[in-house]
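All of the numbers you see were taken from the coordinates with simple rules; none came from a lab. Values in this document were obtained by computation on a predicted structure and should not be read as measured data. Heads up, the Cβs are rebuilt from the backbone with ideal geometry, glycines too, and the neighbour counts pull from every protein chain shown.
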Amino acid sequence: MTTTVAAVAEGTDAPYALSHLDALESEAVHIFREVAGEFERPVILFSGGKDSIVMLHLALKAFAPAAIPFSLLHVDTGHNFPEVLEYRDRTVERHGLRLHVASVQDYIDRGVLKERPDGTRNPLQTLPLTEKIQAEKFDAVFGGGRRDEEKARAKERVFSLRDEFSQWDPRRQRPELWNLYNGRHAPGEHVRVFPLSNWTELDVWQYIAREGIELPEIYFAHEREVFSRSGMWLTPGEWGGPKDGETVEKRLVRYRTVGDMSCTGAVDSDAVTLDDVIVEIAASRLTERGATRADDKMSEAAMEDRKREGYF
Amino acid sequence: MSTTTELSETTLLRFATAGSVDDGKSTLVGRLLHDSKSVLTDQLEAVERASTARGQEGPDLALLTDGLRAEREQGITIDVAYRYFATAKRRFILADTPGHVQYTRNMVTGASTAELTVILIDARNGVVEQTRRHAALAALLRVPHVVLAVNKMDLVDYQESVFAAIAEEFTAYALELGVPEVTAIPISALAGDNVVEPSANMDWYGGPTVLEHLETVPVIHDLSHCHARLPVQFVIRPQTAEHPDYRGYAGQIAAGSFRVGESVTVLPSGRSSKISGIDLLGEPVSIAWTTQSVTVLLEDDIDISRGDLIVPSKDAPPTTQDIEATVCHVADAPLTVGHRVLLKHGTRTVKAIVKDIPSRLTLDDLSLHPHPGQLVANDIGRVKIRTAEPLPVDSYSDSRRTGSFILIDPNDGTTLTAGMVGESFASPEPVKDASEDDGWDF
């Protein structure tokens, strides 16, 4: 056993071992191509956040030199960062993609959804998302979720079957064996697909650096007006802040995740380049969600409960 | 800049753990995560909060890994979870498989992608039935590296003789099963001996700690003994002004390597051509090897579609409609003779029928139960399957990727069974048919 291996590689790992980024990239590309081969109407959830940006980059590589055979879907909370929306539209145009938008604000305006007292719109995304999936008859929906993000996500399959109500039932998940993904589903059901399942936050940043992928500027340290709420630096805006007793100040901050402005906090940082960010992430003693997401702190099972309802 | 480069140079090891609850698997996983600084402050705080709310005195590290409501409520682990940690030398994906009664399908799931399995033993109990099951599964799944972690050495006064006896018994058993390599390590997951740091209590042990071994075990593939295989996933045809005639066959190389200029054959059609180019995600290369996702271009415009297999012309597997395999049944409803199923092999899914279930394997003593009539959840058995179309299958012992398949229920899409083509380690002798009149033999 050992002798044959050594004979091939001449005593070293090179050249037939893949670096961990190459291995993760290859696996993600395999997942994109499986979906392209087996589904009728796949769509990529694209928020303009780093994970969805990496997903799009991988999809572009998977089908090069052809165009990617998927459209994009953004769930617009109505409280998005303007820099991120601008990035989203620029990206869609540059690659000649089709963008679907499901708007939380529309649902609120129509009285279908009610604004929560805390102003957080993350849980409100589920209904517009799932109705859009049904209306457009999407049968595979790519999400940028990573298993390292959260313990309920650690249990998520790469191909995750959702019923006709888009619900996730962790007890009824299919075992995933080898790289033989099972995408079978009944009409009305769909499959959530997570090509970045095995990536960590650090992998994502290293890959962005290696590939030279452009990101929205809010991921890098910049002077910004913020105010403090529940231990997080939030950006003021019409969404509902600051309130009485909350004061706005200028700080040098950056974002680790990009989501709804009402629940995505900035972190103090002087990381202005990708390498700075990587050094900062590698040294951080907080997870990205622990540092900057209010919605996951609501209860011990907040993520699991939202996922069961159809959240990504 | 140097940070990016240094961190990028690491390799990836996928490994799985096996052990029953009392063997200290959670503690070992917890310690690997904790001592490699992969548990971050907010996660630990969340565990502390939850533990206090439940009236427990110290933080319950099992809460780090039990992610679902039902798991926390019942104090059990339902399913395989995947965990991630890294050292300066390597990145790790750990398939954390639960140790309770449904261990077989969960361990098969975890081990199917693992290059290494850690089997835990309680030093006080030695090799028990459960250990033999774990070794048999590792052998069956052809996991290349097996680590025997003899745990709770602190409870046997760190005696070398206790460890040596267990290691010897296990290694002999595992090698007989066909496990290629066993590394035995005496540890105490609770006290931290030989998990990440070398133990001060066991001077007599000169080998690596668990983490050192995980960091250094080779993850390269033995290309010289591999039959090169490329299952075609998708045909890339841009049909643009820039690429009017581009026709590429995209797929992830399942085994071996391919070179530009090589003569290849496409199965099942049997048509041949030469590789005129290989694109590695947009970049042309002259050689590509296993687990790389590539796009292959051929000299001739032959009919190739998703589901086909590209192989070297000089090394093509036979195609067959009759597959014999060892399977692990993973669904709750049983698998029976006459069952009509779908079989997914590589990128091809075909109709199939279960023609026979010649035997069921008892993992405890590796005995064969002839003609069980059906396989229920967690059963391992031999199965004969007839497929509607010929498939180019390899023996699982030659290729874990092209020698494996899954069976799918055509009605509701349930994944029924995990299959490994070819002879099983456990069936050297033909099964004696002692059941001619038991009513099960069709």
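Take every Cα pair under 8 Å in segment B:230-370 that's 6+ residues apart, average their separations, divide by the length, and report that relative contact order as a whole percent.
On the way: 258 pairs, mean separation 29.7, N = 141.
With pairs under 8 Å counted, the relative contact order is 21 percent.
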Checklist outcome for this item: Measuring from its Cα centre, the protein assembly as shown shows a charge dipole (+1 at each Lys and Arg Cβ, -1 at each Asp and Glu Cβ) which, in debye to the nearest 20, is 1400 debye
Checklist entry - When the Debye formula is applied to the Cα atoms of the protein assembly as shown, each taken as the same point scatterer, what base-10 log of I(q)/I(0) results at q = 0.04, 0.06, 0.10 Å⁻¹? => result -0.16, -0.37, -1.07
Next on the checklist: Shape verdict for segment A:168-207, please, from the Cα gyration tensor: rounded (a/c under 1.5), prolate (a/b greater than b/c) or oblate.
Outcome noted: prolate
Checklist entry - What is the packing order of peptides A:220-226, B:117-123, taking the mean over residues of other C-beta atoms within 10 Å and listing the highest first? => result B:117-123, A:220-226
Checklist entry - If Lys and Arg each add +1 and Asp and Glu each add -1, what is the summed charge of the other residues whose beta carbon sits under 15 Å from the beta carbon of B:V266? => result -1
Checklist entry - Alpha carbon centre of segment B:166-205 versus segment A:87-103: separation in Å? => result 55 Å
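First select every other residue whose beta carbon is under 12 angstrom from the beta carbon of A:D89; then total the charges, Lys and Arg +1, Asp and Glu -1. Display every interim value, and only then the final one.
Working: positive: A:R88, A:R90, A:R94; negative: A:D76, A:E83, A:E86, A:E93.
Taking every Cβ under 12 Å from that of A:D89, the sum is -1.
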Next on the checklist: Take B:E242 and A:A186, extend 7 Å from each Cα along the Cα→Cβ direction, and tell me the distance between the two endpoints in nm.
Outcome noted: 4.5 nm
Item to check | Extent along principal axes [Cα atoms of segment A:65-212; Å; largest to smallest] | outcome: 47, 39, 32
Checklist entry - If all Cα-Cα distances of segment B:94-137 are sorted into 10 Å bins from 0 onward, what percent lands in each bin, rounded to whole numbers? => result 26, 57, 16, 0
Next on the checklist: Which one, B:P180, B:A149, B:S161, is farthest towards the positive end of the dipole of segment B:134-190 when Lys and Arg carry +1 and Asp and Glu -1 on their Cβ?
Outcome noted: B:P180
Next on the checklist: Counting just the Cα atoms, what span does segment A:201-292 cover along each of its three principal axes? Round to the nearest Å and put the largest first.
Outcome noted: 44, 24, 21
Checklist outcome for this item: One finds, for A:E164 and A:E115 with R0 = 25 angstrom and r their Cβ-Cβ distance, a FRET efficiency to the nearest 0.05 of 0.35
Next on the checklist: Please report the projected area of segment B:153-307's Cα convex hull averaged over all directions, in nm².
Outcome noted: 13.8 nm²
Checklist entry - Which three lengths, in whole Å and largest first, does chain B cover when its Cα atoms are put on their principal axes? => result 73, 68, 44
Next on the checklist: For the pairs A:K151/B:K25; B:K274/B:K351; B:K274/B:K314, flag any whose C-alpha to C-alpha distance is greater than 21 Å.
Outcome noted: B:K274/B:K351
Checklist outcome for this item: Computed for chain B: size of charge dipole around the Cα centre, +1 on C-beta of each Lys and Arg, -1 on C-beta of each Asp and Glu, debye to nearest 20, value 1140 debye
Item to check | Among A:L124, A:A221, A:L18 the positive-end extreme of the charge dipole of the protein assembly as shown (Cβ point charges) | outcome: A:L124
Next on the checklist: Using a 7 Å offset from Cα along Cα-Cβ at A:K137, what residues in segment A:174-194 end up with backbone N under 13 Å from the label point?
Outcome noted: A:187-189
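With +1 on each Lys and Arg Cβ and -1 on each Asp and Glu Cβ, and nothing else charged, work out how big the dipole of segment B:308-398 is about its Cα centre, in Debye to the nearest 20. Spell out each step's value before the answer.
Values: 10 positive and 12 negative charges, 75 e Å.
Dipole magnitude for segment B:308-398 comes out near 360 debye.
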Checklist entry - With a ≥ b ≥ c the root eigenvalues of the C-alpha gyration tensor of segment A:135-234, is it rounded (a/c under 1.5), prolate (a/b larger than b/c) or oblate? => result prolate
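Only helical DSSP H runs with n ≥ 4 go in: add -39500 (n - 2.57) per run for chain B, normalise by residue count and round the 222 nm mean residue ellipticity to 500 deg cm²/dmol.
So the calculated ellipticity at 222 nm is -6000 deg cm²/dmol.
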Checklist outcome for this item: Cα pairs beyond 23 Å in segment A:10-93, in percent, come to 35 percent
Checklist entry - In peptide B:345-351, how many Cβ atoms from other protein chains are near each Cβ within 10 Å, on average? => result 2
Next on the checklist: I need the phi-derived Karplus couplings for segment B:208-220: 6.51 cos²θ - 1.76 cosθ + 1.60, θ = phi - 60°, integer Hz, Gly and Pro marked x.
Outcome noted: x, 6, 4, 5, 4, 5, 4, 6, 10, 5, x, 10, 6
Item to check | Between segment A:219-261 and segment B:355-419, the alpha-carbon center distance in angstrom | outcome: 56 Å
Item to check | Cβ neighbours within 10 Å from other chains - mean over B:244-250 | outcome: 2
Item to check | Dipole of segment B:291-436 [Lys/Arg +1, Asp/Glu -1 at C-beta], most positive-end residue of B:P358, B:T291, B:P372 | outcome: B:P372
Checklist entry - What net charge do the residues around B:G282 carry, taking every other residue with its C-beta under 15 Å from that of B:G282, with Lys and Arg at +1 and Asp and Glu at -1? => result -3
Checklist entry - If you average 1/r over every pair of different alpha-carbon atoms in chain A and take one over that average, what Kirkwood value in Å do you get? => result 20.6 Å
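First check a/c for segment B:331-384, with a ≥ b ≥ c the square roots of the eigenvalues of its C-alpha gyration tensor; if it is under 1.5, answer rounded, and if not, answer prolate when a/b is larger than b/c or oblate otherwise. Provide the component values of the computation, followed by the final result.
Values: a/c = 2.10, a/b = 1.81, b/c = 1.16.
Verdict is prolate for segment B:331-384.
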Checklist outcome for this item: As straight-line cross-link partners of B:K355, the qualifying lysines (C-alpha separation under 25 Å, not fewer than 8 residues apart within one chain) are B:K344, B:K384, B:K432
